[in-house]
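A short worksheet on the structure shown next.
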Amino acid sequence: ATLHDGPGSSALGRRSSLRRAMAACVPGKLMEMLSPGRQRASAGAEQPPYTRLDLSILDRFSRLDQGGKVMAEYVWVGGGGELRCKTRTLDRACTSVEELPIWNFDGSSTGQAPGDDSEVLLKPCAVYQDPFRKGHGNIIVLCECYLPDPDGPQGLGAPIPTNTRSPAAKIMADIAEHQPWFGIEQEYTLFEPDKKTPYGWPKEGQPGPQGPYYCSIGTENAFGRPVVEAHYKACLYAGINISGINGEVMPGQWEYQVGPCEGISSADQLLISRFLLLRVCEQYGVVVSFDPKPIPGDWNGAGC
(Lines give C-alpha, C1' and ligand atoms only; values in the text may rest on other atoms or scores of the structure.)
Protein backbone atom coordinates (compact mmCIF):
# COMPACT_ATOMS: atom_id res chain seq x y z
CA ALA A 1 0.00 0.00 0.00
CA THR A 2 1.16 3.53 -0.78
CA LEU A 3 0.36 6.60 1.31
CA HIS A 4 0.17 10.14 -0.15
CA ASP A 5 -0.18 13.25 2.00
CA GLY A 6 -1.66 15.87 -0.23
CA PRO A 7 -1.83 19.57 0.54
CA GLY A 8 -3.91 20.27 3.60
CA SER A 9 -3.98 16.64 4.80
CA SER A 10 -4.41 16.41 8.56
CA ALA A 11 -2.56 14.25 11.11
CA LEU A 12 -5.85 12.47 11.77
CA GLY A 13 -6.24 11.78 8.09
CA ARG A 14 -2.70 10.44 7.86
CA ARG A 15 -3.30 8.11 10.81
CA SER A 16 -6.54 6.86 9.24
CA SER A 17 -4.75 6.23 5.93
CA LEU A 18 -1.95 4.40 7.73
CA ARG A 19 -4.43 2.20 9.56
CA ARG A 20 -6.26 1.35 6.32
CA ALA A 21 -2.94 0.45 4.71
CA MET A 22 -1.96 -1.76 7.63
CA ALA A 23 -5.35 -3.45 7.56
CA ALA A 24 -4.75 -4.37 3.91
CA CYS A 25 -1.45 -6.06 4.76
CA VAL A 26 -1.85 -7.44 8.30
CA PRO A 27 -4.25 -10.25 9.39
CA GLY A 28 -7.27 -9.00 11.29
CA LYS A 29 -6.38 -10.73 14.59
CA LEU A 30 -2.91 -9.18 14.59
CA MET A 31 -4.38 -5.75 13.77
CA GLU A 32 -6.61 -6.09 16.83
CA MET A 33 -3.59 -6.87 18.99
CA LEU A 34 -1.67 -3.89 17.58
CA SER A 35 -4.42 -1.37 18.29
CA PRO A 36 -3.57 1.26 20.93
CA GLY A 37 -6.61 0.38 23.02
CA ARG A 38 -5.59 -3.26 23.07
CA GLN A 39 -2.04 -2.35 24.03
CA ARG A 40 -3.21 -0.18 26.93
CA ALA A 41 -5.47 -2.96 28.19
CA SER A 42 -2.64 -5.49 28.02
CA ALA A 43 -0.29 -3.27 30.00
CA GLY A 44 -2.57 -3.28 33.04
CA ALA A 45 -4.32 -6.58 32.39
CA GLU A 46 -5.07 -9.20 35.01
CA GLN A 47 -2.51 -11.99 35.05
CA PRO A 48 -3.56 -15.42 33.74
CA PRO A 49 -5.21 -17.73 34.51
CA TYR A 50 -8.19 -15.41 34.17
CA THR A 51 -10.72 -17.89 35.53
CA ARG A 52 -10.18 -18.99 39.14
CA LEU A 53 -11.33 -22.57 39.59
CA ASP A 54 -13.58 -23.43 42.52
CA LEU A 55 -11.72 -25.98 44.65
CA SER A 56 -14.91 -26.94 46.49
CA ILE A 57 -16.10 -28.60 43.27
CA LEU A 58 -12.93 -30.68 43.15
CA ASP A 59 -13.60 -31.75 46.73
CA ARG A 60 -16.81 -33.49 45.63
CA PHE A 61 -14.83 -35.72 43.30
CA SER A 62 -11.99 -36.23 45.78
CA ARG A 63 -14.41 -38.13 48.02
CA LEU A 64 -15.28 -40.67 45.34
CA ASP A 65 -14.17 -44.27 45.81
CA GLN A 66 -11.18 -45.35 43.71
CA GLY A 67 -12.15 -49.00 43.37
CA GLY A 68 -9.07 -50.23 45.19
CA LYS A 69 -6.71 -48.36 42.86
CA VAL A 70 -3.95 -46.05 44.13
CA MET A 71 -2.79 -42.74 42.65
CA ALA A 72 0.99 -42.31 42.77
CA GLU A 73 2.45 -38.86 42.07
CA TYR A 74 6.00 -39.33 40.74
CA VAL A 75 8.20 -36.28 41.46
CA TRP A 76 11.68 -35.55 40.10
CA VAL A 77 14.14 -32.69 39.61
CA GLY A 78 14.06 -31.26 36.08
CA GLY A 79 16.86 -29.99 33.89
CA GLY A 80 16.84 -26.49 35.40
CA GLY A 81 16.60 -27.60 39.02
CA GLU A 82 12.82 -27.18 38.99
CA LEU A 83 10.46 -29.88 40.25
CA ARG A 84 8.36 -31.91 37.82
CA CYS A 85 5.62 -34.45 38.45
CA LYS A 86 3.15 -36.81 36.84
CA THR A 87 0.66 -39.35 38.17
CA ARG A 88 0.16 -43.03 37.45
CA THR A 89 -2.43 -45.53 38.66
CA LEU A 90 -1.32 -48.53 40.70
CA ASP A 91 -3.46 -51.65 41.05
CA ARG A 92 -2.83 -51.84 44.79
CA ALA A 93 -1.18 -50.07 47.68
CA CYS A 94 2.59 -50.49 47.90
CA THR A 95 4.33 -50.78 51.24
CA SER A 96 7.92 -50.17 50.10
CA VAL A 97 9.90 -48.32 47.43
CA GLU A 98 11.02 -51.66 45.99
CA GLU A 99 7.42 -52.53 45.08
CA LEU A 100 6.92 -49.38 43.02
CA PRO A 101 7.37 -49.67 39.25
CA ILE A 102 10.02 -47.91 37.21
CA TRP A 103 8.41 -45.27 34.99
CA ASN A 104 9.58 -42.92 32.25
CA PHE A 105 9.13 -39.45 30.77
CA ASP A 106 10.12 -37.35 27.76
CA GLY A 107 13.44 -35.84 28.80
CA SER A 108 13.59 -33.58 25.74
CA SER A 109 10.70 -31.59 27.25
CA THR A 110 12.51 -31.02 30.56
CA GLY A 111 16.02 -30.23 29.28
CA GLN A 112 17.32 -33.67 30.26
CA ALA A 113 17.60 -35.55 26.96
CA PRO A 114 17.97 -34.86 23.22
CA GLY A 115 14.92 -34.94 21.00
CA ASP A 116 16.10 -37.95 19.00
CA ASP A 117 16.63 -40.12 22.11
CA SER A 118 14.39 -38.60 24.75
CA GLU A 119 13.41 -41.42 27.10
CA VAL A 120 14.47 -40.99 30.73
CA LEU A 121 13.55 -43.51 33.43
CA LEU A 122 12.19 -42.68 36.88
CA LYS A 123 13.41 -44.85 39.75
CA PRO A 124 11.37 -44.49 42.97
CA CYS A 125 13.52 -43.57 45.99
CA ALA A 126 11.22 -42.35 48.77
CA VAL A 127 7.47 -42.45 49.45
CA TYR A 128 5.19 -40.01 51.30
CA GLN A 129 1.47 -39.77 51.94
CA ASP A 130 -0.33 -37.45 49.53
CA PRO A 131 -2.15 -34.62 51.40
CA PHE A 132 -3.89 -33.45 48.22
CA ARG A 133 -5.47 -36.86 47.56
CA LYS A 134 -6.17 -37.98 51.09
CA GLY A 135 -7.00 -41.59 51.77
CA HIS A 136 -7.15 -44.60 49.46
CA GLY A 137 -3.38 -45.16 49.94
CA ASN A 138 -2.50 -42.35 47.49
CA ILE A 139 1.18 -41.44 47.62
CA ILE A 140 3.90 -39.03 46.49
CA VAL A 141 6.99 -40.76 45.11
CA LEU A 142 10.36 -39.01 44.93
CA CYS A 143 12.38 -40.36 42.00
CA GLU A 144 15.88 -40.38 40.54
CA CYS A 145 16.44 -40.08 36.76
CA TYR A 146 18.36 -42.69 34.73
CA LEU A 147 19.19 -43.54 31.16
CA PRO A 148 17.43 -46.65 29.87
CA ASP A 149 19.53 -49.80 29.40
CA PRO A 150 17.80 -53.10 28.51
CA ASP A 151 20.77 -55.01 29.92
CA GLY A 152 20.95 -53.08 33.20
CA PRO A 153 19.22 -53.97 36.49
CA GLN A 154 15.51 -53.16 36.16
CA GLY A 155 16.36 -51.77 32.72
CA LEU A 156 18.28 -48.89 34.29
CA GLY A 157 21.47 -47.46 32.83
CA ALA A 158 23.64 -44.69 34.25
CA PRO A 159 22.19 -41.77 36.20
CA ILE A 160 21.71 -38.73 33.98
CA PRO A 161 23.88 -35.64 34.70
CA THR A 162 21.13 -33.81 36.63
CA ASN A 163 20.69 -36.79 38.96
CA THR A 164 22.85 -35.49 41.81
CA ARG A 165 20.98 -37.59 44.35
CA SER A 166 22.65 -40.80 43.15
CA PRO A 167 26.23 -39.83 44.15
CA ALA A 168 24.95 -38.13 47.31
CA ALA A 169 23.11 -41.31 48.35
CA LYS A 170 26.29 -43.33 47.80
CA ILE A 171 28.27 -41.00 50.07
CA MET A 172 25.61 -41.22 52.76
CA ALA A 173 25.57 -45.01 52.50
CA ASP A 174 29.37 -45.12 52.89
CA ILE A 175 29.23 -43.12 56.15
CA ALA A 176 25.96 -44.54 57.47
CA GLU A 177 27.68 -45.93 60.57
CA HIS A 178 28.30 -42.34 61.69
CA GLN A 179 24.57 -41.55 61.48
CA PRO A 180 24.95 -37.99 60.08
CA TRP A 181 22.13 -35.68 61.10
CA PHE A 182 21.00 -32.58 59.24
CA GLY A 183 18.63 -29.74 60.00
CA ILE A 184 17.81 -27.34 57.16
CA GLU A 185 16.12 -23.94 57.18
CA GLN A 186 14.22 -23.11 54.01
CA GLU A 187 13.31 -19.45 53.47
CA TYR A 188 10.99 -18.41 50.65
CA THR A 189 9.06 -15.41 49.32
CA LEU A 190 5.43 -15.29 48.25
CA PHE A 191 4.54 -13.28 45.15
CA GLU A 192 1.43 -12.13 43.35
CA PRO A 193 0.77 -13.97 40.04
CA ASP A 194 2.75 -11.25 38.21
CA LYS A 195 5.90 -12.74 39.85
CA LYS A 196 7.10 -9.17 40.47
CA THR A 197 5.06 -8.00 43.45
CA PRO A 198 5.81 -9.73 46.77
CA TYR A 199 2.63 -10.76 48.51
CA GLY A 200 1.39 -7.95 50.76
CA TRP A 201 3.40 -5.25 48.95
CA PRO A 202 1.73 -2.29 47.22
CA LYS A 203 1.66 -2.43 43.44
CA GLU A 204 4.62 -0.54 41.94
CA GLY A 205 5.74 0.45 45.43
CA GLN A 206 7.34 -0.73 48.64
CA PRO A 207 6.06 -1.34 52.17
CA GLY A 208 7.44 0.19 55.34
CA PRO A 209 11.04 -0.63 56.28
CA GLN A 210 12.05 -4.00 57.71
CA GLY A 211 11.68 -4.49 61.41
CA PRO A 212 8.08 -5.40 62.32
CA TYR A 213 7.75 -8.40 59.97
CA TYR A 214 10.09 -10.98 61.54
CA CYS A 215 8.06 -13.51 63.60
CA SER A 216 5.20 -11.05 63.23
CA ILE A 217 1.51 -11.09 64.05
CA GLY A 218 -1.27 -9.01 62.56
CA THR A 219 -2.82 -8.11 59.21
CA GLU A 220 -0.44 -5.18 58.75
CA ASN A 221 2.68 -7.35 59.19
CA ALA A 222 2.04 -11.02 58.40
CA PHE A 223 1.18 -11.55 54.73
CA GLY A 224 0.25 -15.02 53.49
CA ARG A 225 -0.17 -16.95 56.74
CA PRO A 226 -2.91 -19.24 55.31
CA VAL A 227 -0.35 -20.57 52.80
CA VAL A 228 2.16 -21.16 55.60
CA GLU A 229 -0.34 -22.97 57.84
CA ALA A 230 -1.65 -25.15 54.99
CA HIS A 231 1.89 -26.10 54.02
CA TYR A 232 2.75 -26.95 57.64
CA LYS A 233 -0.19 -29.35 57.92
CA ALA A 234 0.52 -30.85 54.47
CA CYS A 235 4.10 -31.61 55.52
CA LEU A 236 3.02 -33.26 58.77
CA TYR A 237 0.44 -35.38 56.94
CA ALA A 238 2.93 -36.42 54.27
CA GLY A 239 5.49 -37.55 56.84
CA ILE A 240 7.95 -34.67 56.48
CA ASN A 241 9.87 -34.00 59.70
CA ILE A 242 9.04 -30.28 59.63
CA SER A 243 10.12 -28.81 62.93
CA GLY A 244 8.78 -25.25 62.79
CA ILE A 245 7.76 -22.13 60.86
CA ASN A 246 8.16 -18.36 61.29
CA GLY A 247 7.74 -15.08 59.45
CA GLU A 248 10.98 -13.68 58.04
CA VAL A 249 12.56 -10.21 57.94
CA MET A 250 11.15 -9.06 54.59
CA PRO A 251 7.35 -8.76 54.31
CA GLY A 252 5.88 -11.63 52.31
CA GLN A 253 8.84 -13.83 53.28
CA TRP A 254 8.59 -16.93 55.46
CA GLU A 255 10.71 -19.81 56.72
CA TYR A 256 10.27 -23.42 57.76
CA GLN A 257 12.71 -25.98 59.07
CA VAL A 258 13.14 -29.63 58.08
CA GLY A 259 14.94 -31.98 60.44
CA PRO A 260 16.71 -33.36 62.19
CA CYS A 261 16.91 -36.04 59.49
CA GLU A 262 19.51 -38.71 58.98
CA GLY A 263 21.55 -39.09 55.79
CA ILE A 264 19.97 -38.74 52.37
CA SER A 265 16.47 -38.50 53.87
CA SER A 266 17.27 -34.87 54.75
CA ALA A 267 17.58 -33.89 51.08
CA ASP A 268 14.62 -36.09 50.12
CA GLN A 269 12.34 -34.46 52.67
CA LEU A 270 13.49 -30.97 51.72
CA LEU A 271 12.62 -31.57 48.05
CA ILE A 272 9.19 -32.97 48.86
CA SER A 273 8.54 -30.09 51.29
CA ARG A 274 9.22 -27.70 48.40
CA PHE A 275 6.91 -29.71 46.16
CA LEU A 276 4.17 -29.47 48.77
CA LEU A 277 4.67 -25.70 49.09
CA LEU A 278 4.44 -25.24 45.32
CA ARG A 279 1.21 -27.24 45.25
CA VAL A 280 -0.31 -25.30 48.16
CA CYS A 281 0.54 -21.99 46.45
CA GLU A 282 -1.01 -23.32 43.26
CA GLN A 283 -4.31 -23.75 45.10
CA TYR A 284 -4.17 -20.28 46.65
CA GLY A 285 -3.25 -18.60 43.35
CA VAL A 286 0.06 -17.17 44.57
CA VAL A 287 3.63 -17.79 43.43
CA VAL A 288 6.46 -19.00 45.67
CA SER A 289 10.10 -18.13 44.97
CA PHE A 290 13.17 -19.80 46.46
CA ASP A 291 15.41 -17.13 44.90
CA PRO A 292 18.13 -16.18 47.42
CA LYS A 293 17.76 -12.48 46.57
CA PRO A 294 14.32 -11.91 45.06
CA ILE A 295 14.18 -8.14 45.67
CA PRO A 296 17.27 -5.95 45.07
CA GLY A 297 18.38 -3.30 47.52
CA ASP A 298 18.21 -3.24 51.28
CA TRP A 299 15.78 -6.15 51.56
CA ASN A 300 16.42 -9.45 53.27
CA GLY A 301 17.51 -12.42 51.17
CA ALA A 302 16.03 -15.92 51.38
CA GLY A 303 18.51 -18.74 51.96
CA CYS A 304 18.51 -22.45 52.56
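Laid out as a table, the results:
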read-out	value
Loop-located GluC sites (Glu not before Pro) in segment 177-254 whose Cβ has at most 10 other Cβ within 10 Å (DSSP)	GLU204
Global geometry of segment 83-177, whether rounded, prolate or oblate, following the gyration tensor of its Cα atoms and the 1.5 cut on a/c	oblate
Length gained when the stretch ALA173-SER56 is fully extended (0.36 nm per residue, less Cα-Cα span)	37.6 nm
Sulfur and carbon atoms: percent of accessible area, segment 49-173 [1.4 Å]	55
Net dipole in debye of the chain [+1 Lys, Arg Cβ; -1 Asp, Glu Cβ; about Cα centre; nearest 20]	1540
On Cα atoms only, tilt of 265-284 relative to the major axis of the chain in degrees	40
Value of relative contact order over the chain, rounded to a whole percent, pairs C-alpha under 8 Å and six or more apart	14
Among CYS235, TYR256, ILE245 - extreme Cα towards positive end, dipole of segment 217-270, charges at beta-carbon	CYS235
Cα centre as origin, Lys/Arg/Asp/Glu Cβ charges: segment 73-165 dipole, Debye	480
Calculated FRET value between GLU98 and ASN246, using beta carbons and R₀ = 51 Å, to 0.05	0.85
Residues GLN154 and GLU204, FRET efficiency given R0 of 45 Å [Cβ-Cβ distance, rounded to 0.05]	0.25
FRET E, pair ASP117, THR89, Förster distance 30 Å, beta-carbon r, rounded to 0.05	0.65
Residue-normalised accessible area of the chain, expressed per residue, 1.4 Å probe, Å²	58
Label corresponding to Cα Rg over 2.2 N^0.38 Å when calculated from the structure given, among (1) 0.97; (2) 1.32; (3) 1.09	(2)
Length added when fully stretched, GLU82-THR219, from 0.36 nm per residue minus Cα-Cα	46.1 nm
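The values are calculated or read from the model by the stated rules, or taken from the named source; none is laboratory data. Keep in mind that this is a model prediction, so the values were computed, not measured. Using ideal geometry, Cβ is built from the backbone for each residue, glycine included, and neighbour counts are taken over all protein chains shown. Surface areas here come from the heavy atoms of the whole protein model, side chains and all, with no ligands, DNA or RNA. Shrake-Rupley method; radii C 1.70, N 1.55, O 1.52, S 1.80 Å.
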